[in-house]
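Reading through the structure tokens given below for one structure.
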Amino acid sequence: MRIGELADLAGTTTRALRHYEALGLLTAGRDTKGHRTYGADDLRLLRQIRALQAFGFGLEETRPFVECLRAGNPTGDTCPASLAAYRHKLAELNAVIGELTAVRDIVHQRLATAEAELATADAEVEEPAHAPDPAHAPQPARPGERRPCHPGRGHR
């Protein structure tokens, strides 16, 4: 099959395939006119690469899986180097999960502290220390006097 057909079947672009070829992850044959040609094994290889990328593997990290497939194994993840790559990726993921868990715990604690401070401040506002002084209460308007609709805000 030609490069465009392989790209369509693998759900990628011809540019990506050329990039994989430049990295040595994909090897193209050539027809009599010099066009790239690929087989079913190349499609299987590309599907393995794309699946690993979806899991967060970088292109270089897919190399052990590619080599495992090229060695004739039915899947790319049954070789010792592939298993080591899985273990390494799992350790990376566990480290990231640990860091994110620590950040989540800090944010949770800060939220709890802020909510407690807000509740304390609201409680102080709702419970005045003493009863209002009638001498400072608003006085009714005198005949002809204009007052703003919202005390303290003035006219607009």
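Evaluated with a Cβ-only charge set (Lys, Arg +1; Asp, Glu -1), segment 50-101 carries a dipole of roughly 160 debye about its Cα centre, given to the nearest 20. Segment 83-97 and segment 5-62 have their alpha-carbon centroids 25 Å apart.
Legend: Rg and Dmax of segment 1-72, from Cα coordinates, 11.6, 38 Å.
Taking the accessible area of segment 1-129, probe 1.4 Å, and keeping the other protein chains in place, the carbon and sulfur fraction comes to 59%.
How big is the dipole moment of segment 82-123 about its Cα centre under a simple scheme where the beta carbon of each Lys and Arg is +1, that of each Asp and Glu is -1, and everything else is neutral? Debye, nearest 20, please. The partial results should precede the final answer.
On the way: 4 positive and 6 negative charges, 79 e Å.
Its charge dipole is roughly 380 debye.
Other residues within the sphere of radius under 14 Å centred on the Cβ of ALA95, judged by their own Cβ, net out at 0 (K and R +1, D and E -1).
The values are calculated or read from the model by the stated rules, or taken from the named source; none is laboratory data. Computed from a predicted structure; not experimentally measured. A quick note on method: Cβ atoms are made from the backbone with ideal geometry, for glycine too, and the neighbour counts reach across all protein chains shown. Just the protein is used for accessible areas: all its heavy atoms, side chains included, with ligands, DNA and RNA removed. Shrake-Rupley method; radii C 1.70, N 1.55, O 1.52, S 1.80 Å.
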